[in-house]
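J.: Can you read through this structure? Questions will come right after.
Laboratory data are not the source of any read-out in this text; all were calculated from the coordinates shown. Keep in mind that what you see is a predicted model, and the values were worked out from it rather than measured. We place every Cβ from the backbone using ideal geometry, glycine too, and count neighbours over all the protein chains shown.
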Amino acid sequence: MTALSIRSVLSSQDEREPVVTGTIYKLPYRLHLPLYISEALAKPKIRVAIAEDHAEMRVVLRLLLSMSPEVEVVCESNNGQEAIDCVERLQPDVLVMDIYMPVLDGLSATKRVISSGAATRVLLISLHTGNFMAAQAAAAGAYGLVSKDAVAGSLLQAIEAIHRGQTFFS
């Protein structure tokens, strides 16, 4: 069993010295890291929930998001009502949600998430994007809309922008 802790210590010159300490097989270790690595490890991850009714697309979204060390997928759902339940229960930072889903569509679910007062920001995804769909997404309260055809190149960029409070419509 491995125990690992990350902490910053003060050196004799009062400079931050990133150090990883822990034990491996009951043997203690101490590893000095460059500052940028320590900061990246200490930075809180963007908590993301995925709502997509097609299982294959959920897998693609999860794999794309797992490529970023700054993102953590906290919930997956296959319809708008499950997405709302996920937001109420786990309060993710960003909800990536398909527009067309059974039980409750993404636009209606977005309106409910916004009206609930949750701090979660919504990024809608769809095969059908354009000015009309972007206007509907914005009117529902979404922070962005990304075409499913462009998720490989735009999803992480959109999530990071939305997390910072910016909008992202592609």
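J.: Expressed as cubic angstrom per residue, what is the convex hull volume of the alpha carbon set of the stretch 78-170?
T.: Once divided by residue count, the hull of the stretch 78-170 is 85 Å³.
J.: Counting Lys +1, Arg +1, Asp -1, Glu -1, what net charge surrounds Glu82 among other residues with beta carbon under 14 Å of its beta carbon?
T.: Result for the local shell: -4.
J.: With Cβ to Cβ distances under 12 Å as the rule, what net charge do the other residues near Leu124 carry (K, R +1; D, E -1)?
T.: Taking every other residue near Leu124 into account, the sum is 0.
J.: For each of Ser170, Ser126, count neighbouring Cβ atoms within 10 Å of the residue's Cβ, then give the residues from fewest to most.
T.: Ascending Cβ contact count within 10 Å gives the list Ser170, Ser126.
J.: Using label points projected 7 Å from each Cα along Cα→Cβ, tell me how many nm separate Tyr100 and Ala119, to one decimal.
T.: Going from the Tyr100 label point to the Ala119 one covers 3.5 nm.
J.: Got a sec? Which residues in the stretch 141-170 would a label at Gln91 touch, if it sits 7 Å along Cα→Cβ and we count backbone N under 11 Å?
T.: none
J.: If you add up the charges near Val151, with Lys and Arg at +1 and Asp and Glu at -1, over every other residue whose beta carbon is less than 13 angstrom from its beta carbon, what do you get?
T.: Overall, the nearby charge balance is -1.
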